[in-house]
1. From the residues VAL169, ALA149, LEU242, which one has its Cα farthest along the dipole of region 148-245 in the positive direction, the dipole being from +1 and -1 charges on Cβ of Lys/Arg and Asp/Glu about the Cα centre?
2. Ignoring ligands, DNA and RNA, what accessible area per residue does the chain give at 1.4 Å, in Å²?
3. Note down the relative contact order for the chain as a percent, whole number, built from C-alpha pairs under 8 angstrom at least six residues apart.
4. Rounded, prolate or oblate: pick one for region 1-114, where a ≥ b ≥ c are the square roots of the eigenvalues of its C-alpha gyration tensor, a/c under 1.5 means rounded, and failing that, prolate if a/b is larger than b/c, else oblate.
5. Give me, ordered by chain and number, the residues 5 or more places off GLY220 or on other chains with an amide H under 5 Å from its own placed amide H.
6. Provide the three semi-axes, in whole Å and in decreasing order, of the ellipsoid equivalent to region 142-271 as defined by the square roots of 5 times the Cα gyration tensor eigenvalues.
7. Could you run the Karplus curve 6.51 cos²θ - 1.76 cosθ + 1.60 with θ = phi - 60° over region 221-238 and give me ³J(HN,Hα) per residue in whole Hz, x for Gly and Pro?
8. Would you mind working out the magnitude of the charge dipole of the chain relative to its Cα centre, with +1 at each Lys and Arg C-beta and -1 at each Asp and Glu C-beta, to the nearest 20 Debye?
Amino acid sequence: MRRVINRHPSRRMKILMGALPFILAIAIYAFAADARGADGPDKLMPGLNAFTSAMSRLMFDIDRATGTRLFWADTWASLARLGVGLGISALIGLVIGVLVGFIPFLRALFEPFFAAFSLIPPLAVLPILFILFGLGELSKTVLIVFGIAPFIIRDVMLRVAEIPREQIVKAQTLGASSWQMILGLVLPQVFPRLISSVRLSLGAAWLFVIAAEAITAEAGLGYRIFLVRRYLAMDVILPYVLWITLLAFAMDYALRRTHDAIPWTRFKEGG
């Protein structure tokens, strides 16, 4: 039957339809900016030419104070902080999540603790982190780890708990030790879930990076946004926000492709 639920767009049509909302948003903004700027430049809604000029300066002109191209220096600083924080959080989440989820005594001991720990608002303890670890890079990394590692730990623990008991009994029947079961049975089924957990944590990780940079930093995308906001420099703020969104989308896409490409995904999540 030719019902709407049975009709699917082609690949080219999907691309065009996916791009259409973005094109419409840009067109609407350009029209509104031209209308507001008819009587002179508007700082709150600058025209597309203002964006081009500001970003060209930040991307290609060398800043005399720092000797760098600010846009790329900010991007690298934020990505480095984000990458280190995500990497440490993923490692902690994998190790602790697997051990606590697989060993009953550890699960009974630590599961309530991690459940409560994950509910602490990370931004509420940001001043404490700065007091304990200083205003350097360490405190920013700790904030990211503090914010997303508990979530990853709990998600990995839940995935370990979903492994069918029959598989564990069969492995023990074949003489596998606890360590061999962790390496050969648990990790292959948990690793895809770990990648999914990191994907789900990207938004929060970016929030923590920007929050930390807004308080104390010398470079970074969040630092630049909060630095120029006092001048109402929307021609810098909006492109930076869009750039952060694009970076987050690219990272999410790369993780998704990695998730789909690794051989371990032949184990279906959920059993």
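The values are calculated or read from the model by the stated rules, or taken from the named source; none is laboratory data. Bear in mind that the values here come from a model prediction, so they are computed numbers and not experimental data. Here the Cβ is made from the backbone with ideal geometry for all residues, glycine too, and neighbour counts use every protein chain on show. Ligands, DNA and RNA are stripped out before the accessible areas are found, and what is left, the full protein with its side chains, is counted by its heavy atoms. Shrake-Rupley method; radii C 1.70, N 1.55, O 1.52, S 1.80 Å.
1. After comparing all options, I get VAL169.
2. On the way: 16590 Å² over 271 residues.
Here the per-residue accessible area is 61 Å².
3. Values: 263 pairs, mean separation 64.3, N = 271.
It rounds to 24 percent for the chain.
4. On the way: a/c = 3.05, a/b = 1.38, b/c = 2.22.
Note, shape of region 1-114 comes out oblate.
5. Those qualifying (amide H under 5 Å, at least 5 residues apart or on another chain) are ASP74.
6. On the way: eigenvalues 345, 45, 17 Å².
Over the Cα atoms of region 142-271, the ellipsoid semi-axes are 42, 15, 9 Å.
7. 5, x, 4, 5, 4, 6, 6, 8, 5, 5, 9, 6, 7, 5, 5, 9, 5, 5
8. Rounded to the nearest 20 debye, it is 1020 debye.
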